[in-house]
Amino acid sequence: MLLSIKALEKRYGGARALAGANIDVAAGSVHGLLGENGAGKSTLIKTLSGLVTPDAGEILIDGKPVTIESVRHAEELGFRFIHQELSLVPHFTAVENAFVGRAYPKRGPFIDRAAMARAIAETARDIAPDLPLDVPAARLTTGQKQLVEIIRALIGEPARLVVMDEPTASLSDGEARRLHKAVRRLAERGVAVIFISHRLDEVMEICDRYTVLRNGATAGAGDISYIDRPGLVRLMSGREEAELIARPTPGGSPVALKVSDLPFGDHGSRIAFEIKAGEILGLYGLVGAGRTSLMKIVWGATSHREGTITLEGRALRPGHIGDRIAAGGAYVPEDRRHEGLIVSRTIAENLAIANLKAVRVAPSLPWVGLAALKRRAEEVKSALSVKMSSAFAKPLTLSGGNQQKLLFGRWFGRPIRLLILDEPTRGVDVGAKAEIHAVARRFADEGAAVLMTTSDMDELLALANRVLVLAGGEVTAELTGPSLTPARIIDAAFQHQSRKDPAA
Amino acid sequence: MTGFVRRFGTLAALVIIIIAFSIASPGAFGSPSNLINITQQMTLLAIVAIGATVVMAVGEFDLSTASIVSFGGILVVFLFKVGVPAPIACLAVLAAAAVFGAVSGFVVSRFEVLSFIATLAVGTIIGGITFWLCEGATLFGNIPAEFRDIGRGTMLGLPTLTWWLIGVAACAWIILDKVEIGRRLYAIGGNREAARLAGVRIVPNTMFAFIVSAVLSALVGILLTARIGSANPTGGGGYLLSAYAAVFLGMTAFREGEANVPGTLVGAAIIAVIGNGLTILGVSTFLQDIITGTIILAAVLVRRAGKQGA
């Protein structure tokens, strides 16, 4: 076995990212690594690349235990990683990109460009014969960039293991097929490939073996020819008998948010849905299904050309966040550090920024009162039980859960009619998670329509009255009541609709 | 203790520099009249720097300030020449500068152009207009005496220019630290996307910051002309770098890494004190520049070291 991972564990604070992950990868094989969002795939890969040190467990290479100390060390071991966000220099050609960070062939003191081109042409002939090598990366398609990354992985010290993280997520079917061929040729050269994908059909097609992770542990592994698609879905969701709390949609309440004919995803599809006052609508979809961009359109952070959004009968103009706020909207973004907190300002100011009128010294004077800022912070602190030392400390002195509460608290103190939650408890420990769930429910109970997206299946089941599942730019299921089960959700999320290849 | 050094270290440095010069030259530098004179000498630089502080609060740069200083001086004399009364001429100059500031702010915020590039371009345009107005010559004559009084003489025992500085600094401090718009400006500078998602309107607020900077630069052009009685199309050239030096020095004071009005005043005072003190000691201007630059570099490095140690 080229690579064996045994009982790997990793904790982040209170959260267990890996809890007994095993995987065996043979040279010359393509190994599918599967699991729903947050199952531990990324952490597992990071331990291989030297970015994360596991707390327990073993990594064996050719049967000998190793400790991967650094990114450099992983590279020396022959591990190569191709990430979803490609890291090519846009105005470099394929040849130039392939040598970034590698040893350049030299003639005297100068870089030998001819030798570079020869080396790449040789590799490219083998892997991707029709890839243009002399075009700047900016002009290549995403699929071609992936091929450049593969070639790049083979330059320099010999590669033994190539890890590909959802390489086909944004490719058309034709491009994906070209990539599949390249992956197979890679394996034929004796390289082991770990292939992470959410497209089960392609996993069935190109992988030799599979490993399914669930909650940080290996839920199943084996030969791909001995399992079918429903079998993989079962392994991934693993909660068919999960306890279900019936959370019926409130009956008599009126429709609050109405979204119609809204463009969604990159493929010209449209979406329409309604949320009643007091209802929590969950959006579920795999990473890249377009959930966040949909939330941003509803919030007015991104404009849209077609379709309408109304809140309690009032039309919300595209791209006008102010309209939403005036109509009683609130938004908790996905990325706390970059979209939520203003880390250079105090906690009190972070809580006041969306409603500065509330901290005036006198109602008609736009003068910000320190006492009013403090009073507001204290109100939020007790209402949401935020643990903080001082209202005028910086937000990053708080724990992740308390930081997240600040983002809720920002909207506190006026009637909320629409609450948009994007991954409301990411990176938050279990206790704070429950408290945040209670806060979200309280907003709903007070009559807000809640639109929530989360990658956390348990959170979805705990909060949502109704779930829309998104895949490949479409709504693939609307689930409520007894049909709201993990297996149904996962199955709909993996229903990848084949897209038309523009080149075909 | 480290927190105290971090907040008040730059202020302490200013005091130490003043004490050092007072010891080196007790009669000339340390005399009350010279210290008051320094507040007058630092006024024009400090007002430009306060404008730069407001723009830095939203996380941008305004490189057109020096051009606007020159433009303001030339335009006001140009208007006198064609017979416009002094108060109206001054208001017209400030209004014209506001338009330039609005253009810079709009381009930067609406189209997300780097402010470095946008204001460099706007500054170049303003430079062209300035030379066109004066045909490349220094303008003098036709300057009313009562206009000249706004930049010279004394009031209630302090130089008139010092009063301008006190007024501008107080207004800017209120704008940035006391009223709502200041919270919005700092929120944008701290995290533009977070501020936007929380409902802060980026375009009008950013435009406001650039308008303040442009108007203050034009005011300096007017005051400079009033003080020296003529206007030169390159008269503002020296203000850009020293104004930003003052802001950067000020960012090391009072608040962690944020442009702030009290800090900028300390920064401008350090630059003015060093200039004044070295001149009194008879040090050549070339050496003065070298020393000033070294002190700025040292201040920033000391601060970085303090930050990493913390």
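The values are calculated or read from the model by the stated rules, or taken from the named source; none is laboratory data. The structure presented is a predicted model; accordingly, all values stated were derived computationally and were not measured. Quick reminder, even Gly has a Cβ in these numbers, built from the backbone with ideal geometry, and neighbours come from all protein chains shown. Accessible surface is based on the protein model in full, side chains and every heavy atom, while ligands, DNA and RNA are left aside. Shrake-Rupley method; radii C 1.70, N 1.55, O 1.52, S 1.80 Å.
Observations, loosely collected:
- Counting, for every residue in A:362-370, the Cβ atoms of other protein chains within 10 Å of its Cβ and taking the mean gives 2.
- Secondary-structure-derived ellipticity at 222 nm for chain A, considering helices only, amounts to -9000 deg cm²/dmol, per-run term -39500 (n - 2.57) for DSSP H runs with n ≥ 4.
- Net +/- balance of residues flanking A:S364 in space, Cβ distance below 15 Å, scoring K and R +1, D and E -1: +1
- Accessible area in square angstrom per residue, the protein assembly as shown, 1.4 angstrom probe: 43
- 13 Å beta-carbon shell around B:L224, net charge (K/R +1, D/E -1): +3
- Summed buried accessible surface, chains A and B, 1.4 Å probe, nearest 100 Å²: 2000
- C-alpha long axis of helix A:173-188 to longest principal axis of chain A, angle in °: 50
- Between helix A:430-445 and chain A: long-axis angle, C-alpha atoms, 0 to 90°, nearest 10: 50
- Kyte-Doolittle mean at least -1.0 and Cα axial length at least 20 Å: DSSP H helices in chain B: B:2-24, B:32-57, B:65-81, B:86-110, B:115-134, B:160-177, B:202-228, B:261-280, B:285-309
- Per atom type, the stretch A:3-237 shows carbon and sulfur on 50% of its accessible surface, probed at 1.4 Å.
- Residue among B:T65, B:T294, B:T162 with the largest mean-square fluctuation in a Gaussian network model of chain B, springs linking Cα atoms under 10 Å: B:T294
- Couplings 3J(HN,Hα) of the stretch A:151-159, computed from phi: 4, 4, 5, 8, 8, x, 4, x, 7 Hz, in residue order, whole Hz [Karplus 6.51 cos²θ - 1.76 cosθ + 1.60, θ = phi - 60°; x for Gly and Pro].
- Shielding by partners for peptide A:334-345, expressed as the average number of C-beta atoms from other protein chains within 10 Å of each residue's C-beta, is 5.
- Accessible area of chain B belonging to carbon and sulfur atoms, whole % at 1.4 Å probe: 72
- With DNA, RNA and ligands ignored, accessible area of A:D261 (1.4 Å probe; Å², nearest 10): 80
- At the residue level, B:R110 shows approximately 130 square angstrom of accessible surface with a 1.4 angstrom probe and all protein chains present.
- Peptide-level mean, for B:184-194, of C-beta atoms on other protein chains within 10 Å: 6
- Among A:337-349, B:17-29, sorting by the average number of other beta carbon atoms lying within 10 angstrom of each residue, highest first, gives A:337-349, B:17-29.
- Estimated from helical segments only, the mean residue ellipticity of chain B at 222 nm is -25500 deg cm²/dmol, where each DSSP H run of four or more residues counts as -39500 (n - 2.57).
- R0 of 51 Å, Cβ-Cβ distance B:R7-B:L114: FRET efficiency to nearest 0.05: 0.95
- Charge dipole (Cα centre; +1 on Lys/Arg Cβ, -1 on Asp/Glu Cβ; no other charges) of the stretch A:3-237 amounts to roughly 280 debye.
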